[in-house]
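Beneath this line is the structure, given in structure tokens, with notes to follow.
The values are calculated or read from the model by the stated rules, or taken from the named source; none is laboratory data. Here the structure is a predicted model, which means the values were calculated and not measured. As a convention, Cβ positions derive from the backbone with ideal geometry for all residues, glycine included, and neighbour counts pool all protein chains shown.
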Amino acid sequence: MWAITLNPGFVCILAALLVLAAPQTMRAITMAGAGLLALLLLLSRNFGAEEAIAQMGLPVVLLNLDALNRIFGIAALITLITFAIFANARRNRYEDAAILMMAGGAVSALFVGDLISFVAAASLAGLAAAWIVFCSPLEEARRAGVRLLVWNGLEGLLLLVGVAFHLSAGSSGTVFARLDIATIGGGCIFAALMIRVGAPFAHVWVKDTIAHASPLGGAALSAFSTMVGVYALARFFPAEPLLIPIGAAMIAVGALYASTVDDLRAGAAYGLMTQTGVCVALIGVGSPLAVAAAEGHIFTSMFVFMALQMALGAVLARRGAVRLSQFEGLSRAMPITTTLMLITGLAASGAPGFALYATHSVALEASAQWDLRWLWALIAASSAALFVSLALRPALAAHRHGGGKVKFNEAPFSMLLGAGVAAFFCVSIGLAPSWLYGLMPTALTFAPFDLDRLAPQFELLGAAGVAFVLLRALNLAPRERAVDLLDIDAFYRGPVAGAARWAGVVMLRVYGAAGAAVALLAARAGAALAAWARSCDAPYLGRGWAALQFWAIGALAVIILIGARL
Amino acid sequence: MTRKPLPSPRGGVAGLALLFCATAGGAGLAFDLLGDAPAGFWLLADPGGRAMLGAGAVTILVLIAHGARWLLARRAGEKGGRDVGDHP
């Protein structure tokens, strides 16, 4: 019988330190071994919390296993093992360590049972995410890493302030409980989690970091970054009505950008935002079926977007960019990668037979209420939008060729194997989803392959595809061009940064002028004071002054004596 | 006399994609309309509603994409705005 009660995430953190010193041949093995060992620790334990340790008067619970965090943990650790296969294709010990550290932080955050440990573990995962971006060989990655650190700093600050207010408001402890968004503490924690899940206005870090990370880094960020936020929302804010419009906005913004951008890795990141938005909205709905659907949906999203980013990463490794406008001849140069890309693109759009369909149909069922019909329509339409963005557009672009000779230049075998294994998970979960339904906290008997559910999804995707191809044939759909789309970050990196810089210059000048004025006034006051002091040093210079002072002092003494007598 | 080689076929994959989508959509629509599924809880959940939703969503998305490119596009790689990494 296993007596080890270690948080599974700590295994990955320890492995990250080991990987820093391990030779190339041992790194992938260490990564896979850590994932397996952590998975074994997780599956061998029964549900329940470890006894709290008192630290500075606060309870610290390092391990708390229940049905909610188990499903997230299993997904995270299986994806980590898949990364180990993909990681064998290149040499970068720092990135390997960063990925293990991020996985360790994220898994630790899932399994701790108190707020302070959660903040520490989530912050560790955030810092490791920035480390992953810094490890990227791509141009501009350093700046993207700095921007991510700014977001992480803001998120960590909000979390800490939230926990501090939560404690000062008279909460008995920091052990997990539902939080109230109306309190200052709950509001701060909610705001921090909005950054983590990539809610509108804070969503730019997701596409910014994924698009600038290395092939493996992009896949790791897709799998581990927003997942912790969704878990925390399900833990702390289930059935919070505000989450419904926020999730809906994430779906809409993500789908719009995914269908428009030229950089397909950024497009896939926006697709992840769309699916994360589905989860956020479902947590806001809050019924047991909706919360179960949200958990299942983030589970399948992790696999699907990991697989998609791996396939796109293989293109990046060979071509240096993953732009649809530069996809000409891709299907001939990289046929296996192109096939994997299309399979994973179909999976990301919720096509029947793939992982995301299994949970997408549960999500539709959970939101099928009259007062939520707009959300239902948005979730259903997101499938059509992602089908066009991540499957149809890449397929059409990759099979375009200019007539010249194309050199066969397939991705390294390890990359293909890793992406293939990830795609296999997408297909296997999609074809046999009952074990996933068995993992959900709510007992779920759901038949996604009933004709009532299958036929409408085929109908939706088919109609969307026909509409897009016809619009494209009529030259009504936008052509693939090498353009970047401005997002909200262009606002704060452009006009806001310019205004701040201008305000800084003005403030410096005002400060300088104020300093000069104070110096001038001080000099004049000092000169006057010095003159007065000099005059005090020689009080009897004038002849008449001495007599005047003598008589004045005498008069004062007489007045005091008379006053004393009276 | 040498014959000039024919240009590579273009648009073949678009036709294939159209065929694939039309088949999937048509089969789905047929099963949806002819099946004994109960009426949905609102119009778009009724039989045939998803086809409307899919085609409508893509059309709206294409329109918005035109607008977004017109308003927000800039050439790839062009530096825009300042950055947290920039220092005066």
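Within the range A:246-260, can you find the residues that are touching a strand residue (DSSP E or B) at 6+ places or on another chain (Cβ under 7 Å) and over 16 Å from A:R393 (Cα atoms)?
Those that are touching a strand residue (DSSP E or B) at 6+ places or on another chain (Cβ under 7 Å) and over 16 Å from A:R393 (Cα atoms): none in the range A:246-260.
Of the residues that make up the range A:418-427, is at least one in contact with an Asp or Glu (Cβ under 6 Å, 6 or more places away or on another chain) and not basic (K, R)?
no
Would you mind telling me which numbered condition in (1) within 11 Å of chain B (Cβ to nearest Cβ); (2) more than 30 Å from B:G54 (Cα to Cα); (3) touching a Leu at 6+ places or on another chain (Cβ under 8 Å) A:L416 fails?
Unmet for A:L416, out of (1) within 11 Å of chain B (Cβ to nearest Cβ); (2) more than 30 Å from B:G54 (Cα to Cα); (3) touching a Leu at 6+ places or on another chain (Cβ under 8 Å): (1).
Restricting attention to the range A:327-340, report how many residues are over 12 Å from A:L396 (Cα atoms) and either in a loop (DSSP other than H, G, I, E, B) or not small (G, A, S) (or both).
Selection size over the range A:327-340: 7.
Filter the range A:351-385 for residues that are away from chain B (no Cβ under 12 Å) and either closer than 27 Å to A:P412 by Cα or surrounded by fewer than 23 Cβ atoms within 10 Å (Cβ to Cβ) (or both); which is farthest from the chain's Cα centre (by Cα)?
A:F354
Condition check ((1) of a type outside the set (G, A, S); (2) part of a helix (DSSP H, G or I); (3) without any contact (Cβ under 8 Å) to a residue 24 or more places away in the chain; (4) closer than 30 Å to A:E365 by Cα) across all residues:
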position: A:V469; (1), (2), (3), (4): yes, yes, no, yes
position: A:F491; (1), (2), (3), (4): yes, yes, yes, no
position: A:A499; (1), (2), (3), (4): no, yes, yes, no
position: A:A523; (1), (2), (3), (4): no, yes, yes, no
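Restricting to the range B:27-58, name every residue that is surrounded by fewer than 18 Cβ atoms within 10 Å (Cβ to Cβ), in a helix (DSSP H, G or I) and in contact with a Phe, Trp or Tyr (Cβ under 9 Å, 6 or more places away or on another chain).
B:A27
Check off (1) buried (at least 24 other Cβ atoms within 10 Å of the Cβ); (2) assigned to a helix (DSSP H, G or I) for A:A248 and give me the number that stays unchecked.
All conditions pass for A:A248, except number (1).
Looking at A:L289, is it in contact with a helix residue (DSSP H, G or I) (Cβ under 7 Å, 6 or more places away or on another chain) and either within 14 Å of chain B (Cβ to nearest Cβ) or surrounded by 24 or more Cβ atoms within 10 Å (Cβ to Cβ) (or both)? Give the steps one after another, and end with the answer.
Working: in contact with a helix residue (DSSP H, G or I) (Cβ under 7 Å, 6 or more places away or on another chain): yes; either within 14 Å of chain B (Cβ to nearest Cβ) or surrounded by 24 or more Cβ atoms within 10 Å (Cβ to Cβ) (or both): no.
In short, no.
Looking only at the range A:1-58, which residues are over 27 Å from A:L439 (Cβ atoms) and charged (D, E, K, R)?
A:R27 - this is the single residue of the range A:1-58 that is over 27 Å from A:L439 (Cβ atoms) and charged (D, E, K, R).
Quick one: in the range A:185-212, which of the residues that are of a type in the set (A, V, I, L, M) and not in a helix (DSSP H, G or I) is nearest to A:A98 (Cα to Cα)? Step through it out loud before you land on a result.
Within the range A:185-212, the first condition is being of a type in the set (A, V, I, L, M), and the residues that meet it are A:189, A:191-195, A:197, A:199, A:202, A:204, A:206, A:210-211.
Next, from what is left, pick out any that are not in a helix (DSSP H, G or I): A:199, A:202.
Details: A:A199: 25, A:A202: 23 Å.
So the residue we want is A:A202.
Would you please name the residue that is farthest from B:A24 (Cα to Cα), looking only at residues in the range A:474-485 that are out of contact with any Leu (no Cβ under 8 Å at 6 or more places or on another chain) and outside any strand (DSSP E or B)?
A:A482
Hey, any hits in the range A:213-230 for a residue that's touching a residue at least 60 places away in the same chain (Cβ under 8 Å), over 27 Å from A:L444 (Cβ atoms), in contact with a strand residue (DSSP E or B) (Cβ under 8 Å, 6 or more places away or on another chain) and part of a helix (DSSP H, G or I)?
No; the residues of the range A:213-230 include none that is touching a residue at least 60 places away in the same chain (Cβ under 8 Å), over 27 Å from A:L444 (Cβ atoms), in contact with a strand residue (DSSP E or B) (Cβ under 8 Å, 6 or more places away or on another chain) and part of a helix (DSSP H, G or I).
With the requirement that a residue be under 22 Å from A:L431 (Cβ atoms) and surrounded by 24 or more Cβ atoms within 10 Å (Cβ to Cβ), what does the range A:332-350 give you?
A:L340, A:M341, A:T344, A:G345, A:L346, A:A347, A:A348, A:S349, A:G350
Just to be sure I understand, how many residues within the range A:19-39 are farther than 14 Å from A:I78 by Cβ, of a type in the set (A, V, I, L, M) and in contact (Cβ under 8 Å) with a residue 40 or more places away in the chain?
Qualifying residue count for the region: 5.
Look through the range A:464-479, keep the residues that are modelled with pLDDT under 90 and buried (at least 18 other Cβ atoms within 10 Å of the Cβ), and return whichever of them is farthest from B:L72 (Cα to Cα).
A:A477
Looking at A:G156, A:G145, A:G187, A:G170, can you tell me which residue is away from chain B (no Cβ under 14 Å), surrounded by 18 or more Cβ atoms within 10 Å (Cβ to Cβ) and of a type in the set (G, A, S)?
The conditions single out A:G156.
When you look at A:A377, is it over 25 Å from A:R323 (Cα atoms) and assigned to a helix (DSSP H, G or I), yes or no? Step through it out loud before you land on a result.
Numbers: over 25 Å from A:R323 (Cα atoms): yes; assigned to a helix (DSSP H, G or I): yes.
Yes.
Being crowded, with 18+ Cβ neighbours inside 10 Å and of a type in the set (S, T, Y) is the filter here, so list the residues in the range A:15-65 that pass it.
A:T30
Are there any pairs, at least 6 apart or on different chains, whose C-beta atoms fall under 9 Å, with the first in the range B:30-46 and within 16 Å of A:L460 (Cα to Cα) and facing another protein chain (nearest Cβ under 7 Å) and the second modelled with pLDDT under 80 and loosely packed, with under 15 Cβ neighbours inside 10 Å, and if so, which?
These pairs meet every condition: B:A45/B:A39.
Within the range A:437-459, how many residues turn out to be within 30 Å of the chain's Cα centre (by Cα) and within 10 Å of another protein chain (Cβ to nearest Cβ)?
The qualifying residues number 1.
Sort through A:A223, A:A281 and tell me the only one that's farther than 24 Å from A:A490 by Cβ, modelled with pLDDT of 95 or more and of a type outside the set (K, R). Full working, then the answer.
Details: A:A223 fails: modelled with pLDDT of 95 or more.
From the options A:A223, A:A281, the qualifying one is A:A281.
Looking at A:G217, A:G198, A:G185, which one is at pLDDT below 95, more than 30 Å from A:T260 (Cα to Cα) and either touching a Lys or Arg at 6+ places or on another chain (Cβ under 6 Å) or small (G, A, S) (or both)?
A:G185
Residues checked against (1) among the aliphatic types (A, V, I, L, M); (2) touching a residue at least 40 places away in the same chain (Cβ under 8 Å):
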residue: A:V11; (1), (2): yes, yes
residue: A:L41; (1), (2): yes, no
residue: A:E51; (1), (2): no, no
residue: A:V60; (1), (2): yes, yes
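Restrict the check to the range A:13-36 and report whether at least one residue is among the hydroxyl-bearing types (S, T, Y), modelled with pLDDT of 90 or more and under 25 Å from A:A294 (Cα atoms).
no
List, please: which pairs have Cβ atoms under 9 Å, are six or more places apart or on different chains, and start with a residue in the range A:344-371 that is assigned to a loop (DSSP other than H, G, I, E, B) and end with one that is of a type in the set (K, R)?
Pairs that qualify, where the first residue is assigned to a loop (DSSP other than H, G, I, E, B) and the partner is of a type in the set (K, R), are A:P352/A:R453; A:S367/A:R373.
Can you name every residue in the range A:473-496 that is of a type outside the set (V, I, T) and at the interface with another protein chain (Cβ under 7 Å from one of its Cβ atoms)?
Of everything in the range A:473-496, those that are of a type outside the set (V, I, T) and at the interface with another protein chain (Cβ under 7 Å from one of its Cβ atoms) turn out to be A:A473, A:L476, A:A477, A:P478, A:A482, A:D484, A:L485, A:L486, A:A490, A:R493, A:G494.
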